[in-house]
Amino acid sequence: MPFDLLHHAPVRTSEEAARVRGTPLEAGAKALVVRAGERHVHVVLPAHRRADNAALRTILGTRTLRFVTPEELLELTGCVPGAVPPFGNLFGLPVLVDEELAARDRIAFNAGDNAVSITMRADDFVRLSGATISRFARE
């Protein structure tokens, strides 16, 4: 599957990443790991949106939901916050992607390092990650 690899200065925010990539902020894939009850789930949403925790609790069928700590994230993925790629399946985690991001033509994301990005077709990402598409992003 075709993709573009970009090496750039380290970035700390989605806005910085979009700027150095030359891509719209809306095309950025923000990858987060949550603990839903007793399991971890990799959630991926557009970089300009926030996760709707109530929607995620409903989708995941749990009353308890929290974002993992930086230490847990490093243990689960080997990545620091902001560097996690959207492929939770690489870490044995189920992937849930927001429908707005999945509907884009192309997406961009950090590739396990805050100084390396990949852009690729959104439908290729969904297929490769085995993601379930749902609606959980909010303004």
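The values are calculated or read from the model by the stated rules, or taken from the named source; none is laboratory data. As the structure is a prediction and not an experimental result, all values here were calculated from the model. We place every Cβ from the backbone using ideal geometry, glycine too, and count neighbours over all the protein chains shown.
Annotations for the structure displayed:
- Filtered residue count, the range 23-51, keeping only those that are out of contact with any helix residue (DSSP H, G or I) (no Cβ under 9 Å at 6 or more places or on another chain) and either over 19 Å from Gly82 (Cα atoms) or of a type in the set (Asp, Glu) (or both): 1
- Residues being farther than 18 Å from Val84 by Cα and modelled with pLDDT of 95 or more - total across the range 1-22: 3
- Test for Asn89: is it within 13 Å of the chain's Cα centre (by Cα), surrounded by fewer than 16 Cβ atoms within 10 Å (Cβ to Cβ), on the phi < 0 side of the Ramachandran plot and among the polar types (S, T, N, Q): yes
- Residue within the range 68-91 that is touching a strand residue (DSSP E or B) at 6+ places or on another chain (Cβ under 9 Å), over 27 Å from His7 (Cβ atoms) and not aromatic (Phe, Trp, Tyr) present: yes
- Which listed residue, of Leu6, Leu56, is of a type outside the set (Phe, Trp, Tyr) and assigned to a helix (DSSP H, G or I): Leu56
- Condition broken by Val80, with the remaining ones in (1) assigned to a loop (DSSP other than H, G, I, E, B); (2) buried (at least 16 other Cβ atoms within 10 Å of the Cβ) satisfied: (2)
- Check on Phe109, closer than 17 Å to Arg12 by Cα, crowded, with 17+ Cβ neighbours inside 10 Å and touching a Ser or Thr at 6+ places or on another chain (Cβ under 7 Å): yes
To keep it simple, each residue is scored yes or no on (1) of a type in the set (Lys, Arg); (2) under 11 Å from the mean Cα position of the chain (by Cα).
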site: Pro46; (1), (2): no, yes
site: Arg50; (1), (2): yes, no
site: Leu60; (1), (2): no, no
site: Pro70; (1), (2): no, no
site: Ala83; (1), (2): no, yes
site: Pro94; (1), (2): no, no
site: Ala103; (1), (2): no, no
site: Ala111; (1), (2): no, yes
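- In the range 1-29, residue surrounded by the fewest Cβ atoms within 10 Å (Cβ to Cβ) [restricted to those that are free of Cβ contacts under 8 Å to residues at least 40 places away in the same chain and under 25 Å from Asp123 (Cβ atoms)]: Gly22
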